[in-house]
Every structure is written in structure tokens, then in C-alpha cells.
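Visitor: Before anything else, here's the structure in question.
The values are calculated or read from the model by the stated rules, or taken from the named source; none is laboratory data. What you see is a predicted model; the values in this text were computed from it and never measured. All Cβ positions, glycine included, derive from the backbone under ideal geometry; neighbour counts span all protein chains shown.
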Amino acid sequence: MSEQQSETEHFNSSWQQQLAEAFNNIEDLCHYLHLPQDILPVSAAAGRRFPLRVPLSFAASMEKGNPHDPLLRQVLPVNDELLAHPGFSADPVGDLQAATEFGVLHKYQSRVLFINTGSCAINCRYCFRRNFPYADLQLSKQKEDAAIRYIEQNPGISEAILSGGDPLVLNDARLSRLIQQLGRIKHLKRIRIHSRLPVVLPARITEALIDTLRQSPAQIILVIHCNHANEINERVISACAALKNNGITLFNQSVLLRGVNDTAEQLCELSERLFSHGIIPYYLHLLDQAIGTGHFEVCEQEALTLMRQVQAILPGYLVPKLVKEVAGMASKQYVLNDASGYR
């Protein structure tokens, strides 16, 4: 069977099968991309600390033979992950101090965040939760019930955020149960889902999932995570169109990453491509300083320079908010030179 026939068969299979067939070793990924390992700074040690995991649907958008591909850089374990960087920690955004005994993170007054699962469809090398103790904090059925009661007893909470890991890795039955339970809480206005799956495993956006989201008593917002315009292939476009056409509000958040999207041209192309498919550019995050991610960091001053360039090119509604997360603060912090904007 040819490589093209094999890919066609793969993409016709269920999302669960596609997830099970994701690349999980460096050799196979490099072979698929026609890249000899000796021209890449790959690190088996980094891969043992944080395993490689890449669905074919994401790898298929990489340029074969290009060792500097911006999508490849996001997923390939490299030697730089083993370097120590001052100020980088295992819990850079203060998740652990915000964890309640009821199984939710309550950092911000009106929002609570559920760590629904520790699983993802892809292991992004810059992940701020790559060292997270999921076994202690992800929601079991018992903790999930306690989390629902916690929201019921706190009328100031207007939004529940499903996170992880990636909440769309959960099966439809569990997602449906949780969304229906949340939707019955009168003071809860919105359910926000943060997911990379529409981009890295678009087969997950099935009719059954859309029915689950559409039947929610609360408004559903889906925040996808896309860092580079090349990630938006035809399968991603189709999945996002299905969501949009069924009343799901779509936003995107990105992380500013050295060697991936750290030019004004790349950021503008991403915003234009997102918006052309009904996805609103929402946040551009400065890197959360998690151990093993320092080689991706773009400093604040350079980020501000980039945003001035982006603002000069794009209309305001296509310019994502440049933000950083600071442990203990009441909200994400806008990165600005002054109160009036990017100047």
C-alpha cells in the first residue's frame, strides 16, 4: 500500500483509531517526514521526560524534508529541553495554589476551571502543564460531582471552563453528562471548552459531539489552540465550519514561540486565515515559564515590537490580545507599554 493510500485509509477511520495511531517515537516521525535524525537536535532523554505524541493529521501538514518546519518544532523532543533556565518552574501559572478541595481551579472570581483529564491528542513541547500532577487533580466521577456542587453553592460563578489535558479526549457520554449537569445550574451562563483537537485531530468533531454541544442549556464557547497558519488544513476548516454552522462560538488562542510564529508576517497570516474561517483571534500568550520550555521564549519587549508591527498591518479586530499569566493575579495580564495600548 502506498503512503497516500495509507493516509486515506487512516483519515477515513474513527477519531479514536486515529488517536491510537498517533506517532509516539522519534524514529517513525522522522521517517515519515523524510528527515534523517542526525540533522536534527533530537533528544531521547527529553522524549522520556515528556513523551512524543503527534497525530498523523497534524504531521501531514508539516513540510517533508524541512528540519525547521514550524509545526515540527512544536512537537519534536530536542536537547534544549534539558537546559536549565532561571525562573522556570514546574507550576509556572500557580495552578496548584488555586486548586480547591472540590476538584476545580478557582483563580478568577467569576470562572472556575475543570481539569477534566490529563490526556491530550498531542504533546506540545512548550506545554505549561507538562509537569502537572494530573493523578492528584484530574476529575474522577466523585470529584466531578463535588465540583458541580461547588459551582451550585457559589452564585458568583458565571462560567465553567473545561480544560486538561484536553477535554475533547473524553468520550461523548461523559462530556454530555457533564455539560448537562453544568447547564442546569441557573447562574452559570457559559461553558467554555479549551481544546487543541479541532486543529490536531479534526476527526473528533463528529455529529454526535456537535449534538452534545448543541443541546447544552448554557452557551457553549470553544477556544481552539492554533499557533501557525500551516496548521489550518482542509480537515481543520471542515471541522470548524461544522461547529460554527451549529451555533458554537469559536475563538483562538496562540502562544508566542521562538522559531514558530515570532514574526509579524506569521502572526498576521495566522489571524487572517483564522478569521476567514469564522474563528476570532483572541489571545496571544507569552510563554508560561515551565521547566523544559525556555528555548521557546520571546521576551516582552520583542513581543511588544511584534504587536506594534501587527497593529500597523491588521484591523483591530484581527489583533489578538497579548497577555501573560501571573500566578496569584485576579486575571490574565495584558502586556502593554501603557494603559492606552501597544505603543
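Visitor: Would you mention how many residues in the range 209-230 are assigned to a helix (DSSP H, G or I) and either in contact with a Cys (Cβ under 8 Å, 6 or more places away or on another chain) or over 21 Å from residue 164 (Cα atoms) (or both)?
Guide: Total meeting the criteria: 4.
Visitor: If I filter the range 67-114 down to residues being surrounded by 17 or more Cβ atoms within 10 Å (Cβ to Cβ), touching a Phe, Trp or Tyr at 6+ places or on another chain (Cβ under 7 Å) and β-branched (Val, Ile, Thr), which single residue comes out as farthest from residue 160 (Cα to Cα)?
Guide: Filtering the range 67-114 for residues that are surrounded by 17 or more Cβ atoms within 10 Å (Cβ to Cβ), touching a Phe, Trp or Tyr at 6+ places or on another chain (Cβ under 7 Å) and β-branched (Val, Ile, Thr), the one farthest from residue 160 (Cα to Cα) comes out as 93.
Visitor: Next up: List every residue pair whose Cβ atoms lie under 6 Å apart, where the two residues are 6 or more positions apart in sequence or sit on different chains, the first residue falls within the range 259-285 and is closer than 20 Å to residue 233 by Cβ, and the second residue, located anywhere, is of a type in the set (D, E, K, R) and surrounded by 16 or more Cβ atoms within 10 Å (Cβ to Cβ).
Guide: From residues that are closer than 20 Å to residue 233 by Cβ, the pairs are 260/73.
Visitor: Might you check whether a residue that is touching a Leu at 6+ places or on another chain (Cβ under 8 Å), at pLDDT 95 or above and farther than 23 Å from residue 331 by Cβ occurs anywhere in the range 295-302?
Guide: Yes, the range 295-302 contains at least one residue that is touching a Leu at 6+ places or on another chain (Cβ under 8 Å), at pLDDT 95 or above and farther than 23 Å from residue 331 by Cβ.
Visitor: Among 74, 37, which is at pLDDT 95 or above and touching a Cys at 6+ places or on another chain (Cβ under 6 Å)?
Guide: Just a single option satisfies the conditions, and that option is 74.
Visitor: If a residue has to be farther than 17 Å from residue 131 by Cβ and charged (D, E, K, R) to count, how many in the range 63-95 make the cut?
Guide: 4
Visitor: Which pairs do you get when a residue that is surrounded by fewer than 19 Cβ atoms within 10 Å (Cβ to Cβ), found in the range 208-222, comes within reach of a residue that is modelled with pLDDT of 95 or more and among the charged types (D, E, K, R), reach meaning Cβ atoms under 6 angstrom, with the pair 6+ apart or on two chains?
Guide: Note: pairs meeting the criteria are 208/172; 219/190; 221/190; 221/192.
Visitor: Of all residues being of a type in the set (Asp, Glu) and in a helix (DSSP H, G or I) in the range 2-46, which is nearest to residue 235 (Cα to Cα)? Just the residue, please.
Guide: Ranking the qualifying residues of the range 2-46, first place goes to 7.
Visitor: Working carefully through the options 123, 66, 79, find the one that is modelled with pLDDT of 95 or more, of a type in the set (S, T, N, Q) and under 18 Å from the mean Cα position of the chain (by Cα).
Guide: 123 is the lone residue from the list that is modelled with pLDDT of 95 or more, of a type in the set (S, T, N, Q) and under 18 Å from the mean Cα position of the chain (by Cα).
Visitor: Still on this structure, I have one more. For residue 199, work out the one condition from (1) more than 17 Å from the chain's Cα centre (by Cα); (2) part of a helix (DSSP H, G or I) it doesn't fulfil.
Guide: So residue 199 meets the others, but not (1).
Visitor: In the range 57-88, how many are touching a strand residue (DSSP E or B) at 6+ places or on another chain (Cβ under 7 Å) and either aromatic (Phe, Trp, Tyr) or outside any loop (DSSP other than H, G, I, E, B) (or both)?
Guide: 4
Visitor: Please enumerate the residues belonging to the range 1-48 that are within 22 Å of the chain's Cα centre (by Cα), under 20 Å from residue 166 (Cβ atoms) and surrounded by fewer than 18 Cβ atoms within 10 Å (Cβ to Cβ).
Guide: Passing the criteria: 11, 14, 16, 17, 20, 21, 24.
Visitor: Just checking, which of 314, 304, 256 is over 17 Å from the mean Cα position of the chain (by Cα) and buried (at least 18 other Cβ atoms within 10 Å of the Cβ)?
Guide: Testing whether each residue is over 17 Å from the mean Cα position of the chain (by Cα) and buried (at least 18 other Cβ atoms within 10 Å of the Cβ) leaves just 314.
Visitor: Residues to consider are 185, 179, 237, 193; find the one that is under 18 Å from the mean Cα position of the chain (by Cα), of a type outside the set (Lys, Arg), farther than 20 Å from residue 271 by Cβ and at pLDDT 95 or above.
Guide: Going through 185, 179, 237, 193 in turn, the sole match is 193.
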